[in-house]
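As structure tokens, the structure follows; a few thoughts come after it.
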Amino acid sequence: MFSYRHGFHAGNHADVLKHTVLIAVVKHLTAKPTALAVIDTHAGAGLYRLDDDFAHTSGEADEGIRKLLALAEPTPLVQDYLDLVRSFNREGKAVRVYPGSPFVTQALLRQQARDKLHLFELHPTDSKSLESHVEQLEAGRQVHVQRADGFEGLKALLPPPSRRGLVLIDPSYELKNDYGKVAACLQDSLRRFSTGTYMVWYPVIPRPEAHELPRRLKTLANQAGKSWLHATLAIGQSEEKPVPGEPAKRPGLTASGVFIVNPPHTLKAGLQLSLPQLVDVLGRGRGKGHVLESGGR
Ligand code: SAM
């Protein structure tokens, strides 16, 4: 069974990158009146407490969202991200509640336009938490939760009836074959629904499969004749000295990337402004930086 629990990582630098991009994409796609379907293949628990045992033990939000809160002049995309996270917390109070991708997305969807959100989560505990968090939303038929494999479940939902859709593919990559599944899933999905927008998150780690993944995704997008955008954010190694007598902290994830197929045409310019700001605020030392590249059609 899976041991990954997103609660340990909620609000970290990888969530900052992923959710900043997700907000920009959903905002762009909901600017048109036609209904939008969003499919989140790996949804997690949906909402997280940053002061519970999980988040408190890892302290990852301290190196992510919490560092950004004091920013005097956020760029427009970072401002949208901060506003959305703050909207889940009481005004003027510290950020204690952090929205995962399902709640980030749902906050931007429209009842009137009949937008839909389909969520898949396999972990027994997190899928229960997700269901109860979604029930509290009282969003009616807008949100569907399934305790099922997102890679498989996605197939039956493409193309969406309105022919306007976004798919977020955000596995934990706990299993080595997740990398291959992501590539196969994108290839299959582009065959079923070539005009959809697809967003893949992945960890930048020294593992051949992780290193290869963006290259494979670029090849797939190019072969399908689709435009793509690839962005990474690296916060670098911590320069904190180990405290004598205490065990050295494990380095943890220091960088991640998002790969978007059929991205909004405004996204690159938005990220050109925002990624350097995120590196400035979140960067810690050796290895910090970002990549922003695009291609295709
Ligand atoms: N998308 C979430 C967010 O941004 O808030 C975080 C998701 S977390 C990185 C990945 C999740 O996928 C975990 O909760 C894990 O239990 C779940 N998972 C793993 N394999 C899955 C699969 N095949 N289908 C659906 N969920 C899966």
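Summary table below
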| read-out | value |
| --- | --- |
| Carbon plus sulfur fraction of accessible area for the chain, probe 1.4 Å, in percent | 51 percent |
| D_trans [Stokes-Einstein, Kirkwood Rh over alpha-carbon pairs] for region 128-198, 4 °C, 1.567 mPa s, µm² s⁻¹ | 94 µm²/s |
| Per-pair calculated FRET efficiency, R0 = 22 Å: residue 293 and residue 253 via Cβ, rounded to 0.05 | 0.55 |
| Average silhouette area of region 90-130, convex hull of alpha-carbon atoms, in square nanometres | 4.1 nm² |
| Gain upon complete extension [residue 137, residue 194; 0.36 nm per residue less C-alpha separation] | 17.3 nm |
| At 0.890 mPa s and 25 °C, Stokes D of the chain from Kirkwood alpha-carbon radius, µm² per second | 127 µm²/s |
| Cα-projected label distance for residue 184 with residue 94, points at 7 Å along beta-carbon direction, nm | 4.5 nm |
| For region 194-246, alpha-carbon Rg and Dmax in angstrom | 17.1, 57 |
| For the chain, share of DSSP beta bridges that run antiparallel, in % to the nearest 5 | 60 percent |
| Extension gain (nm, one decimal) between residue 31 and residue 207, 0.36 nm per residue minus Cα-Cα | 59.5 nm |
| Flagged links, alpha-carbon separation over 19 Å, of 181/268; 18/288; 27/155 | 181/268; 27/155 |
| Gained length - residue 175 relative to residue 128, 0.36 nm times residue gap less alpha-carbon distance | 14.7 nm |
| Given 67/128; 67/116; 93/116; 128/226; 32/67; 32/226, the pairs whose alpha carbons are separated by over 29 Å | 67/128; 67/116; 93/116; 128/226; 32/67 |
| Calculated [θ] (222 nm, deg cm²/dmol) that DSSP helices of n ≥ 4 give over the chain, each run adding -39,500 (n - 2.57) | -11000 deg cm²/dmol |
| Surface accessible to a 1.4 Å probe, per residue, for the residues of region 75-222, Å² | 49 Å² |
| Fluctuation leader among 84, 108, 278 - the chain, Gaussian network, Cα springs under 10 angstrom | 108 |
| R0 of 35 Å, Cβ-Cβ distance residue 155-residue 53: FRET efficiency to nearest 0.05 | 0.40 |
| Unit Cα scatterers, Debye sum, region 1-131: log10 I(q)/I(0) for q = 0.10, 0.14, 0.17 Å⁻¹ | -0.32, -0.63, -0.92 |
| Förster-model FRET efficiency, 22 Å R0, residue 114 and residue 265, C-beta, rounded to 0.05 | 0.30 |
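The values are calculated or read from the model by the stated rules, or taken from the named source; none is laboratory data. This one's a predicted model, so the numbers in the text were calculated from it and none came from an experiment. Note: ideal-geometry Cβ built from the backbone for every residue, glycine included; neighbour counts use all protein chains shown. Ligands, DNA and RNA are excluded from the accessible area calculation, which covers all protein heavy atoms including side chains. Shrake-Rupley method; radii C 1.70, N 1.55, O 1.52, S 1.80 Å.
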